[in-house]
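Quick note: the coordinates plus some simple rules give every number you see, no bench work behind them. Since we're looking at a predicted model, the values are computed, not measured. In this analysis, Cβ positions are derived from the backbone assuming ideal geometry, glycine residues included, and neighbour counts consider all displayed protein chains.
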Amino acid sequence: MRIVVQRVRRASVVVGGEVAGRIGQGLLLLVGVETGDGREQAERAAARFATLRVFEDEQGHMNRGLDEVGGEILVVSQFTLAGSIRRGRRPDFIGAARPEDAEPIVDALVAALRAHGVKVATGVFRAEMQVELVNDGPVTFVWEDGAVPGTACRPYGMIPGLGPVEAAAGAWCRGRPGRGAVGRRRLGGGGRWR
């Protein structure tokens with residue numbers, strides 16, 4: 001799961017000319033669900049963002065959370081975050097979860113945030129959306145939480161320490177060779193292969 005987090009003064013998402021979701025001060029989460037992601041990633045993300053201290057106190061330090069500033073969260077699904085532009089002239093979305101797999105995970109993230117007491121607005125899944133925001137700072141973070149080991153492929157470059165065999169193949173799989181991936185892993189720092 002890859003999430004772009006922006007601290008905003010306000011943000012809204014429009015679908016078909018109508019406002020689908022709007023918040024005042026808070027966080028805008030652009031959420032990309034990747035192949036192999038599950039509810040565990042959604043729950044970890046919700047726990048992180050519900051308690052994240054990125055709002056300034058009187059001294060100008062990032063020391064306040066959403067609850068202290070009366071902030072809200074706008075969640076917008078964005079499958080292009082799981083895409084890659086490393087090779088070729090067009091993006092590939094091999095790493096993106098299928099819509100029928102991604103939607104329940106985005107819904108789980110929203111539900112988990114609400115369970116933490118956060119006021120949440122959302123976009124519309126699989127809709128063409130226009131997102132408007134006023135980034136406060138600007139403050140922007142990228143949060144990544146890979147899939148559970150043994151379940152998913154990741155594009156080359158997302159896993160540190162890959163060797164030339166994976167680089168040549170262009171992808172790396174944990175326990176699931178296929179689609180241009182190599183079914184071996186580097187072991188330790190000695191450069192041995194399994």
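Between ARG44 and ARG89, residue separation times 0.36 nm minus the direct Cα-Cα distance comes to 12.8 nm. Its Cα centre serving as origin, region 2-144 has a Cβ charge dipole (Lys and Arg +1, Asp and Glu -1) of approximately 380 debye. Report, to one decimal in Å, the Kirkwood hydrodynamic radius for region 1-51 based on all distinct Cα pairs. Final number for the Kirkwood radius of region 1-51 is 12.4 Å. Among the GluC sites (Glu not before Pro) within region 68-130, those in coil by DSSP and having at most 16 neighbouring Cβ atoms inside 10 Å are GLU128.
What relative contact order, as a whole-number percentage, does region 32-127 give when Cα pairs under 8 Å and 6 or more residues apart are counted? Once normalised by length, the contact order is 40 percent.
With R₀ fixed at 35 Å, the C-beta to C-beta distance from ARG98 to ASP57 puts the FRET efficiency at about 0.25. Each part reduced to its alpha carbon centroid, region 80-113 and region 48-77 end up 25 Å apart. Of the trypsin sites (Lys or Arg not before Pro) found in region 53-154, the ones in coil according to DSSP and having at most 16 other Cβ atoms within 10 Å of their Cβ are ARG53, ARG86, ARG87, ARG89, ARG126.
Of all DSSP bridge pairs formed entirely within region 1-128, close to 60 percent run antiparallel.
Over every pair of different alpha-carbon atoms in region 2-144, take the mean of 1/r and invert it; report that Kirkwood radius in Å. Please list the in-between numbers first.
Values: mean 1/r = 0.0645 Å⁻¹.
In region 2-144 this quantity evaluates to 15.5 Å.
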